[in-house]
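The values are calculated or read from the model by the stated rules, or taken from the named source; none is laboratory data. What you are looking at is a predicted structure, and each value in this text was computed from that prediction instead of being measured. Glycine gets a Cβ as well: all are built from the backbone with ideal geometry, and neighbour counts include every protein chain shown. Note: areas computed on protein heavy atoms with side chains; ligands, DNA, RNA excluded. Shrake-Rupley method; radii C 1.70, N 1.55, O 1.52, S 1.80 Å.
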Amino acid sequence: MIMSPIPQNLQAVTASIAAAATEAGRAPDTVQLLAVSKTFGPQAVHEAVAAGQRAFGENYLQEGVDKIRALKDLGAPALEWHFIGPIQSNKTRPIAEHFDWVHTVEREKIAQRLSEQRPAGLAPLQICLQVNISGEASKSGVAPHELAALAHKVAALPNLTLRGLMAIPEPAEQFEQQRAAFAQLRALYDQLRAEGLALDTLSMGMSSDLRAAVVEGATMVRIGSAIFGSRTYPKA
(Lines give C-alpha, C1' and ligand atoms only; values in the text may rest on other atoms or scores of the structure.)
Protein backbone atom coordinates (compact mmCIF):
# COMPACT_ATOMS: atom_id res chain seq x y z
CA MET A 1 0.00 0.00 0.00
CA ILE A 2 1.41 3.38 -1.05
CA MET A 3 1.26 5.96 1.73
CA SER A 4 -0.27 9.29 0.77
CA PRO A 5 2.12 12.26 1.01
CA ILE A 6 -0.74 14.59 1.96
CA PRO A 7 -0.43 14.26 5.79
CA GLN A 8 3.31 14.91 5.63
CA ASN A 9 2.81 17.81 3.24
CA LEU A 10 0.24 19.35 5.58
CA GLN A 11 2.71 19.08 8.45
CA ALA A 12 5.40 20.81 6.38
CA VAL A 13 3.08 23.64 5.31
CA THR A 14 1.88 24.13 8.89
CA ALA A 15 5.50 24.33 10.02
CA SER A 16 6.25 26.93 7.32
CA ILE A 17 3.29 29.03 8.45
CA ALA A 18 4.42 28.78 12.08
CA ALA A 19 7.97 29.81 11.17
CA ALA A 20 6.77 32.84 9.18
CA ALA A 21 4.41 33.86 11.96
CA THR A 22 7.16 33.60 14.55
CA GLU A 23 9.44 35.69 12.31
CA ALA A 24 6.73 38.37 12.25
CA GLY A 25 6.22 38.22 16.02
CA ARG A 26 2.80 36.62 15.62
CA ALA A 27 1.21 33.52 17.11
CA PRO A 28 0.99 30.71 14.53
CA ASP A 29 -2.70 30.20 15.28
CA THR A 30 -3.46 33.69 13.93
CA VAL A 31 -2.99 32.29 10.39
CA GLN A 32 -5.57 29.86 9.00
CA LEU A 33 -4.56 27.35 6.34
CA LEU A 34 -6.99 27.08 3.45
CA ALA A 35 -6.19 23.92 1.46
CA VAL A 36 -6.88 24.58 -2.22
CA SER A 37 -8.23 21.30 -3.53
CA LYS A 38 -9.16 22.27 -7.10
CA THR A 39 -8.55 19.48 -9.67
CA PHE A 40 -8.04 16.92 -6.90
CA GLY A 41 -10.80 14.42 -6.21
CA PRO A 42 -12.80 13.75 -3.04
CA GLN A 43 -10.39 11.04 -1.92
CA ALA A 44 -7.47 13.49 -1.75
CA VAL A 45 -9.61 15.86 0.29
CA HIS A 46 -10.68 12.98 2.53
CA GLU A 47 -7.00 12.20 3.21
CA ALA A 48 -6.42 15.82 4.20
CA VAL A 49 -9.48 15.70 6.45
CA ALA A 50 -8.12 12.57 8.11
CA ALA A 51 -4.92 14.52 8.81
CA GLY A 52 -6.90 17.28 10.55
CA GLN A 53 -7.57 19.83 7.78
CA ARG A 54 -11.07 21.32 7.80
CA ALA A 55 -11.08 24.35 5.43
CA PHE A 56 -10.93 23.81 1.66
CA GLY A 57 -10.91 26.18 -1.32
CA GLU A 58 -12.44 25.47 -4.71
CA ASN A 59 -12.05 27.50 -7.93
CA TYR A 60 -14.47 25.66 -10.22
CA LEU A 61 -18.13 25.74 -9.24
CA GLN A 62 -19.45 22.40 -10.46
CA GLU A 63 -16.34 20.53 -9.36
CA GLY A 64 -16.63 22.14 -5.94
CA VAL A 65 -20.33 21.36 -5.52
CA ASP A 66 -19.78 17.75 -6.61
CA LYS A 67 -16.94 17.44 -4.10
CA ILE A 68 -18.98 18.92 -1.25
CA ARG A 69 -21.70 16.34 -1.92
CA ALA A 70 -19.22 13.47 -2.28
CA LEU A 71 -17.48 14.31 0.99
CA LYS A 72 -20.83 14.24 2.79
CA ASP A 73 -21.42 10.76 1.34
CA LEU A 74 -17.96 9.69 2.57
CA GLY A 75 -19.01 10.64 6.08
CA ALA A 76 -16.57 13.52 6.41
CA PRO A 77 -17.06 15.78 9.44
CA ALA A 78 -18.41 19.28 9.05
CA LEU A 79 -16.03 21.10 6.72
CA GLU A 80 -15.64 24.76 5.75
CA TRP A 81 -15.88 25.36 2.01
CA HIS A 82 -14.49 28.52 0.39
CA PHE A 83 -15.21 29.57 -3.20
CA ILE A 84 -12.07 31.24 -4.56
CA GLY A 85 -12.70 31.31 -8.32
CA PRO A 86 -14.13 33.95 -10.65
CA ILE A 87 -17.89 34.45 -10.30
CA GLN A 88 -20.29 34.73 -13.21
CA SER A 89 -23.69 36.30 -12.52
CA ASN A 90 -25.55 33.17 -13.59
CA LYS A 91 -23.57 31.00 -11.16
CA THR A 92 -24.26 32.87 -7.92
CA ARG A 93 -27.16 30.70 -6.72
CA PRO A 94 -25.24 27.42 -6.29
CA ILE A 95 -22.38 29.34 -4.68
CA ALA A 96 -24.80 30.91 -2.22
CA GLU A 97 -26.40 27.55 -1.53
CA HIS A 98 -23.30 25.38 -1.01
CA PHE A 99 -20.33 27.45 0.19
CA ASP A 100 -19.51 29.03 3.55
CA TRP A 101 -17.10 31.68 2.27
CA VAL A 102 -16.59 33.56 -1.01
CA HIS A 103 -13.23 35.30 -1.56
CA THR A 104 -13.75 36.73 -5.04
CA VAL A 105 -16.51 39.34 -4.85
CA GLU A 106 -15.52 42.33 -6.97
CA ARG A 107 -18.86 43.88 -8.00
CA GLU A 108 -21.92 45.06 -6.10
CA LYS A 109 -24.21 43.12 -8.46
CA ILE A 110 -22.55 39.82 -7.52
CA ALA A 111 -22.80 40.62 -3.81
CA GLN A 112 -26.49 41.51 -4.18
CA ARG A 113 -27.24 38.23 -5.93
CA LEU A 114 -25.38 36.22 -3.30
CA SER A 115 -27.29 38.05 -0.59
CA GLU A 116 -30.67 37.43 -2.23
CA GLN A 117 -29.92 33.79 -3.00
CA ARG A 118 -28.44 32.72 0.35
CA PRO A 119 -30.91 30.16 1.80
CA ALA A 120 -32.70 31.38 4.92
CA GLY A 121 -31.66 28.38 7.01
CA LEU A 122 -27.93 28.93 6.53
CA ALA A 123 -25.55 31.22 8.39
CA PRO A 124 -24.60 34.43 6.58
CA LEU A 125 -22.18 33.93 3.70
CA GLN A 126 -18.69 35.11 4.72
CA ILE A 127 -17.33 37.53 2.11
CA CYS A 128 -13.91 38.79 1.06
CA LEU A 129 -13.55 41.45 -1.63
CA GLN A 130 -10.98 40.66 -4.27
CA VAL A 131 -8.65 43.59 -4.96
CA ASN A 132 -6.61 43.90 -8.16
CA ILE A 133 -3.63 45.12 -6.18
CA SER A 134 -1.14 44.97 -9.09
CA GLY A 135 -3.45 46.56 -11.65
CA GLU A 136 -3.10 43.69 -14.10
CA ALA A 137 -5.55 43.73 -17.00
CA SER A 138 -5.78 39.93 -16.89
CA LYS A 139 -6.64 39.79 -13.18
CA SER A 140 -10.03 40.02 -11.55
CA GLY A 141 -10.67 42.35 -8.66
CA VAL A 142 -11.90 45.79 -7.75
CA ALA A 143 -9.49 48.66 -8.31
CA PRO A 144 -8.02 49.99 -5.04
CA HIS A 145 -9.57 53.44 -5.53
CA GLU A 146 -13.05 51.89 -5.89
CA LEU A 147 -12.70 49.52 -2.93
CA ALA A 148 -14.07 51.66 -0.10
CA ALA A 149 -17.37 52.42 -1.86
CA LEU A 150 -17.88 48.73 -2.69
CA ALA A 151 -16.95 47.60 0.82
CA HIS A 152 -19.48 49.84 2.52
CA LYS A 153 -22.24 48.72 0.13
CA VAL A 154 -21.47 45.03 0.64
CA ALA A 155 -21.26 45.43 4.41
CA ALA A 156 -24.84 46.72 4.42
CA LEU A 157 -26.34 43.73 2.57
CA PRO A 158 -28.36 41.13 4.49
CA ASN A 159 -27.33 37.44 4.58
CA LEU A 160 -23.67 38.38 4.05
CA THR A 161 -20.88 39.17 6.49
CA LEU A 162 -18.01 41.20 5.05
CA ARG A 163 -14.87 39.69 6.60
CA GLY A 164 -11.98 41.19 4.67
CA LEU A 165 -9.91 41.39 1.51
CA MET A 166 -8.27 38.97 -0.88
CA ALA A 167 -5.63 39.50 -3.57
CA ILE A 168 -3.47 37.55 -5.99
CA PRO A 169 -0.56 39.93 -6.68
CA GLU A 170 1.56 39.81 -9.80
CA PRO A 171 4.14 37.02 -9.34
CA ALA A 172 7.46 38.22 -7.95
CA GLU A 173 10.57 36.19 -7.15
CA GLN A 174 12.16 38.60 -4.69
CA PHE A 175 10.92 38.45 -1.09
CA GLU A 176 10.81 42.24 -0.69
CA GLN A 177 8.78 42.62 -3.90
CA GLN A 178 6.31 40.04 -2.61
CA ARG A 179 6.08 41.90 0.70
CA ALA A 180 5.44 45.23 -1.04
CA ALA A 181 2.32 43.97 -2.81
CA PHE A 182 0.91 42.42 0.35
CA ALA A 183 1.70 45.60 2.29
CA GLN A 184 -0.54 47.51 -0.15
CA LEU A 185 -3.44 45.17 0.60
CA ARG A 186 -2.80 45.43 4.32
CA ALA A 187 -2.90 49.25 4.07
CA LEU A 188 -6.28 49.12 2.32
CA TYR A 189 -7.54 46.72 5.00
CA ASP A 190 -6.37 49.04 7.77
CA GLN A 191 -8.03 52.00 6.03
CA LEU A 192 -11.40 50.21 5.87
CA ARG A 193 -11.14 49.23 9.53
CA ALA A 194 -10.43 52.86 10.38
CA GLU A 195 -13.63 53.76 8.52
CA GLY A 196 -15.59 51.53 10.89
CA LEU A 197 -15.84 48.23 9.01
CA ALA A 198 -15.35 45.23 11.31
CA LEU A 199 -12.89 43.33 9.12
CA ASP A 200 -10.73 40.51 10.43
CA THR A 201 -9.51 38.61 7.35
CA LEU A 202 -6.62 39.13 4.94
CA SER A 203 -6.72 36.25 2.46
CA MET A 204 -3.33 36.46 0.77
CA GLY A 205 -0.39 34.21 0.07
CA MET A 206 -0.01 30.96 -1.84
CA SER A 207 2.61 28.22 -2.01
CA SER A 208 5.24 30.46 -3.65
CA ASP A 209 4.86 33.57 -1.44
CA LEU A 210 3.49 32.27 1.85
CA ARG A 211 6.28 33.72 3.99
CA ALA A 212 5.94 37.25 2.64
CA ALA A 213 2.17 37.17 3.07
CA VAL A 214 2.33 36.04 6.69
CA VAL A 215 5.02 38.59 7.54
CA GLU A 216 2.73 41.30 6.13
CA GLY A 217 -0.28 40.19 8.15
CA ALA A 218 -2.14 37.44 6.26
CA THR A 219 -4.77 35.78 8.42
CA MET A 220 -5.52 33.13 5.80
CA VAL A 221 -3.17 31.57 3.24
CA ARG A 222 -4.40 29.60 0.24
CA ILE A 223 -2.11 26.61 -0.34
CA GLY A 224 -2.69 23.93 -2.97
CA SER A 225 0.27 22.32 -4.71
CA ALA A 226 2.43 22.22 -1.57
CA ILE A 227 -0.27 20.02 0.00
CA PHE A 228 -1.76 17.99 -2.84
CA GLY A 229 1.08 18.00 -5.39
CA SER A 230 1.32 19.22 -8.98
CA ARG A 231 -1.94 19.74 -10.78
CA THR A 232 -2.98 18.29 -14.13
CA TYR A 233 -5.55 20.51 -15.76
CA PRO A 234 -8.09 19.07 -18.22
CA LYS A 235 -7.40 19.98 -21.83
CA ALA A 236 -9.67 22.62 -23.30
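Tell me, what is the percent relative contact order of the stretch 119-181, built from C-alpha pairs under 8 Å that lie six or more residues apart?
This gives 40 percent for the stretch 119-181.
Once the piece of chain linking A12 and S138 is laid out straight, how much longer is it, given 0.36 nm per residue of separation minus the C-alpha distance between them? Write down the numbers at each step before the final one.
Details: separation 126, 0.36 × 126 = 45.36 nm, distance 3.21 nm.
The A12-S138 span can extend by a further 42.1 nm.
Net charge near S140: determine it from the other residues with C-beta under 11 Å of the C-beta of S140, scoring Lys and Arg +1 and Asp and Glu -1. Write down the numbers at each step before the final one.
Working: positive: R107, K139; negative: E106, E136.
Every neighbour counted, the sum reads 0.
So which of K72/K109; K91/K139; K38/K72; K38/K153; K67/K109 end up more than 22 Å apart by C-alpha?
Numbers: K72/K109 31 Å; K91/K139 19 Å; K38/K72 17 Å; K38/K153 30 Å; K67/K109 27 Å.
Over 22 Å Cα-Cα: K72/K109; K38/K153; K67/K109.
With charges set only on the Cβ (+1 for Lys and Arg, -1 for Asp and Glu), what does the dipole of the chain come to about its Cα centre, in debye to the nearest 20? Mind showing how you got there, number by number?
Values: 22 positive and 23 negative charges, 98 e Å.
Roughly 480 debye, rounded to the nearest 20.
So if R0 is 30 Å, what FRET efficiency would S89 and A180 give, r being the distance between their Cβ atoms, rounded to the nearest 0.05?
Efficiency for this residue pair is about 0.35.
In nm, what is the difference between 0.36 nm times the number of residues separating S207 and Q43 and their Cα-Cα distance?
56.9 nm
What are the radius of gyration and Dmax of the stretch 109-230, computed over its Cα atoms and given in Å?
Using the Cα atoms of the stretch 109-230, the pair Rg, Dmax is 15.0, 46 Å.
Before I look further, what does the chain give for accessible area per residue, probe 1.4 Å, in whole square angstrom?
The answer is 48 Å² per residue.
Using the Kirkwood radius built from alpha carbon pairs, what does the Stokes-Einstein equation give as D for the chain at 4 °C and 1.567 mPa s, in µm² per second?
71
Non-local amide H neighbours of L125 (under 5 Å, H modeled in plane, Pro and chain starts lacking H): which ones?
HN-HN under 5 Å from L125: L160, T161.
Using the membrane-span-like helix rule (whole DSSP H runs, Cα extent along the own axis of at least 20 Å, mean Kyte-Doolittle hydropathy at least -1.0), which helices of the chain qualify?
Passing helices, by number: 6-23, 175-194.
Let me know the shape class of the stretch 159-236, please: from the alpha-carbon gyration tensor, a ≥ b ≥ c as square roots of the eigenvalues, rounded when a/c is under 1.5, otherwise prolate if a/b is greater than b/c, or oblate.
In terms of gyration-tensor shape, oblate.
Which residue, F182, I223, G41, has the largest displacement toward the positive end of the dipole of the stretch 5-228 when charges sit on each Cβ (Lys, Arg +1; Asp, Glu -1)?
Projecting each Cα onto the dipole axis, the largest value belongs to G41.
So, with a 1.4 angstrom probe, what is the percent of accessible area on the chain that is carbon and sulfur?
Working: 5850 of 11310 Å².
Its accessible area is 52 percent carbon and sulfur atoms.
Any chance you could tell me what percent of the C-alpha pair distances in the stretch 39-104 go past 18 Å? Show your work: numbers first, answer last.
On the way: 636 of 2145 pairs.
Cα-Cα pairs in the stretch 39-104 separated by more than 18 Å: 30 percent.
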